[in-house]
Amino acid sequence: MSLLSVIVPCYNEEENVSLFYEELMKNEAWFKDRGVELEVLYIDDGSEDKTVSEAKKLRERDERVHLISFSRNFGKEAAMYAGLENSAGDYAVLMDVDLQDPPSLLPEMFSWLEQGFDSVATRRVSRKGEPPVRSFFARMFYRLMKKISRTEIMDGARDYRLMTRQMVDAILSMQEYNRFTKGIFGWVGFRTKWLEYENVERAKGETKWNFWKLFLYSLDGIAAFSTAPLMLASVMGVFFCVLAFLMIVFIIVRKLMFGDPVSGWPSLVCIILMTSGVQFFCTGILGQYLAKTYMEVKRRPIYLVREKL
Ligand code: UDP
Ligand code: MG
C-alpha cells in the first residue's frame with residue numbers, strides 16, 4: 001500500500017472541516033482500488049473558532065485524521081509548509097478546506113501521476129463570483145511576473161497541487177522565510193501536468209483575503225522571485241542623467257544664441273520635485289529588499305506548534 005497525504009490549511013473554518021472530510025472520503029474507494037491509503041492533515045493556523053474541536057471530533061472517529069495546531073495565525077504559506085513537513089505520504093496534495101479545490105478532481109489528478117508526471121497542478125480558467133477589480137489586478141500581476149521573473153508562475157494557478165515525495169522534499173529544501181508557494185512550485189521544476197477547471201465558490205464562511213492583503217501578497221511574490229525592481233532604480237538613474245545632460249546642452253545653446261535672462265523658477269521646482277520623488281521611490285524599493293533580507297537573516301522558524309495529534 002502507498003500513502004497519499006491530504007494537507008488542508010484551516011483558519012476559522014469550523015463549518016467546513018467536516019464538510020471537507022465527507023467530500024474527500026467520497027474518493028476513498030477509488031484510491032483503495034489502486035492500493036492507495038489516504039491520510040488527512042488539518043493544519044489549524046491559529047483559529048479562534050471551533051476549527052480545532054471539529055477536527056478533533058473527526059479524529060475520534062477516524063485515526064487517519066491528523067491535526068497540527070499553530071500557536072497563532074502564521075498565514076497560509078506557513079500552514080502549507082508545516083503540512084508538507086509533517087506529511088508521511090508517498091504523495092501529497094495541498095487543498096483548501098472551503099471546497100474551492102474540488103476533491104472530485106483527485107482521481108483524475110492521480111491518474112496523471114501514474115502516467116509519469118511528478119506533479120499535477122490546477123488553474124482556474126474563470127473567475128466567476130469574484131469582484132471584477134480583483135480579477136483585473138490579478139491578471140496584471142501574472143502578466144508583470146511573466147515579464148520580470150524567470151520562474152514560471154501560471155495565471156490563475158491555485159495552490160491545489162498533487163505531487164510525489166521527491167517534489168515534496170525539493171520544496172522542503174527551500175527553507176526561505178518569505179514563502180511564495182506559487183513561485184516555489186515553478187522554481188523546483190519537475191514534470192507538471194496542468195488541469196483547468198471553472199471557479200467554484202467557497203462552501204461556507206468568508207474569504208480571509210481582502211484586496212489590500214492580496215496586494216501586499218503580490219508585492220511579496222515580486223520581491224521573492226524577481227530582482228527586476230532593483231534594476232529599475234539603475235535604469236531610472238541613467239535615464240535622468242541623460243535627460244539632465246540634454247537639458248544642460250539646451251540651456252547653454254539657448255544662452256549663447258539668444259542671451260536668455262534668468263527665468264524658469266517654476267520648471268526648476270518641478271524638476272527638483274520629480275527627481276527627489278524618483279529617488280525616494282528607488283530608496284523604497286531598496287528598502288523592501290533590505291527588509292526581506294533582514295527577515296531571512298534572522299532565521300526565525302516559519303511556524304510554531306501548540307498542539308500536534
Ligand atoms: N487560510 C489559512 N491561513 C490564513 C488564511 C487562510 O490557513 O491566514 C486557509 C483557509 O482556511 C483556506 C485557504 O487558506 O483553507 C484559502 O483561504 P480563503 O478561502 O480565505 O482564500 P481564497 O480562496 O478566497 O483565495
Ligand atoms: Mg477559498
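Here, each number is a calculation from the coordinates, and none is a lab measurement. Remember, it's a predicted structure, so these values are computed and weren't measured experimentally. Cβ placement follows ideal geometry from the backbone for every residue including glycine, while neighbour counts extend to all protein chains displayed.
Here are the numbers:
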| quantity | calculated |
| --- | --- |
| Across 146/182; 182/213; 76/147; 26/56; 204/308, pairs whose alpha-carbon gap is larger than 18 Å | 76/147; 26/56; 204/308 |
| Euclidean distance between Cα centres, segment 164-201 to segment 77-111, Å | 11 |
| Förster radius 30 Å - calculated FRET efficiency between residue 72 and residue 293 (Cβ-Cβ, nearest 0.05) | 0.80 |
| Amide H contacts under 5 Å for residue 194, placed H, 5+ residues apart | 121 |
| Charge tally in the Cβ shell below 11 Å around residue 189, where Lys, Arg are +1 and Asp, Glu are -1, residue 189 excluded | -1 |
| Separation between Cα centres of segment 135-163 and segment 259-309, rounded to whole Å | 25 |
| Whether segment 129-244 is rounded, prolate or oblate, judged on the alpha carbon gyration tensor where a/c under 1.5 counts as rounded | oblate |
| Equivalent ellipsoid, the chain (semi-axes from 5 times Cα gyration tensor eigenvalues, Å) | 50, 20, 18 |
| Cα gyration tensor shape for segment 92-196, rounded if a/c is under 1.5, else prolate or oblate | oblate |
| Helix-only mean residue ellipticity at 222 nm for the chain, each DSSP H run of n ≥ 4 adding -39500 (n - 2.57), per residue, nearest 500 | -16500 deg cm²/dmol |
| GNM result for the chain, Cα springs below 10 Å: residue of 286, 41, 243 fluctuating most strongly | 243 |
| Likely footprinting exposure, 45, 169, 159, fewest C-beta neighbours within 10 Å first | 169, 159, 45 |
| Percent antiparallel among DSSP beta bridges (both partners in the chain, rounded to 5) | 30 |
| Angle between the chain longest axis and helix 76-86 axis [Cα atoms, degrees, rounded to 10] | 40 |
| Highest-fluctuation residue, 126, 71, 267 considered, GNM on the chain with Cα pairs under 10 Å | 267 |
| Calculated FRET value between residue 64 and residue 139, using beta carbons and R₀ = 41 Å, to 0.05 | 0.55 |
| Cα gyration tensor, segment 1-124 - rounded (a/c under 1.5), prolate or oblate | prolate |
| Tilt relative to the chain, helix 51-61 - C-alpha long axis, 0 to 90 degrees, to 10 | 30 |
